[in-house]
Amino acid sequence: MPPGGAFDQESLSLANALVGNPPSVPALELGMGALEAVATFEIVVAVTGALSEVVIADKSCKTNKTYQVAEGDQVSIRSP
């Protein structure tokens with residue numbers, strides 16, 4: 001994590017608002033990388049920021065929305 005915090009502060013604030021957190025709560029931010037993960041517990045996530053392909057449990061996700069992720073769900077984020 002960079003010491004300066006999130007690069008896209010606007011998207012961080014929006015993501016936190018969508019899930020009911022204060023604006024400055026840390027979040028996962030990807031630049032030009034990709035992510036493949038499996039949820040180890042149920043969680044609500046927000047997808048914000050640059051357009052990229054986000055897939056949760058084999059379902060395509062839209063930007064600026066929240067999604068329920070169940071334990072065991074596969075989460076994939078491709079580079080924008």
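The values are calculated or read from the model by the stated rules, or taken from the named source; none is laboratory data. Here the structure is a predicted model, which means the values were calculated and not measured. Every residue, glycine among them, receives a Cβ derived from its backbone with ideal geometry; neighbour counts consider all protein chains shown. Note: accessible area is taken over every heavy atom of the protein model, side chains too, but ligands, DNA and RNA are not part of it. Shrake-Rupley method; radii C 1.70, N 1.55, O 1.52, S 1.80 Å.
Rounded to the nearest 10 degrees, the angle from helix 9-19 to the longest Cα principal axis of the chain is 50 degrees. When +1 charges are put on Lys and Arg Cβ atoms and -1 charges on Asp and Glu Cβ atoms, the dipole computed for the chain relative to its Cα centre reaches about 180 debye.
Computed from backbone phi, the HN-Hα couplings of segment 53-59 come to 7, 10, 10, 10, 6, 6, 10 Hz, rounded to whole numbers (Karplus: 6.51 cos²θ - 1.76 cosθ + 1.60, θ = phi - 60°; Gly and Pro given as x).
Simple rule: put +1 on each Lys or Arg Cβ and -1 on each Asp or Glu Cβ in the chain, find the dipole, and look at 25, 38, 15; the Cα lying farthest toward the positive end is 15. Counting charges near residue 47 (Lys, Arg +1; Asp, Glu -1) among other residues having Cβ under 9 Å from its Cβ returns a value of +2. Taking trypsin sites (Lys or Arg not before Pro) across the chain, the ones in a DSSP loop with at most 13 further Cβ atoms lying within 10 angstrom of their Cβ are 62, 78.
Computed from backbone phi, the HN-Hα couplings of segment 66-76 come to 9, 9, 7, 10, 8, 4, x, 5, 7, 10, 10 Hz, rounded to whole numbers (Karplus: 6.51 cos²θ - 1.76 cosθ + 1.60, θ = phi - 60°; Gly and Pro given as x). Using only Cα coordinates, the Kirkwood hydrodynamic radius of the chain works out to 13.0 Å.
State the extension gain, in nm to one decimal, for the chain segment bounded by residue 76 and residue 37, taking 0.36 nm per residue of separation less the distance between their alpha-carbons. Walk me through the intermediate numbers first.
On the way: separation 39, 0.36 × 39 = 14.04 nm, distance 0.66 nm.
Answer, rounded to one decimal: 13.4 nm.
Surface calculation, 1.4 Å probe, protein heavy atoms: residue 60 sits at approximately 100 Å² accessible.
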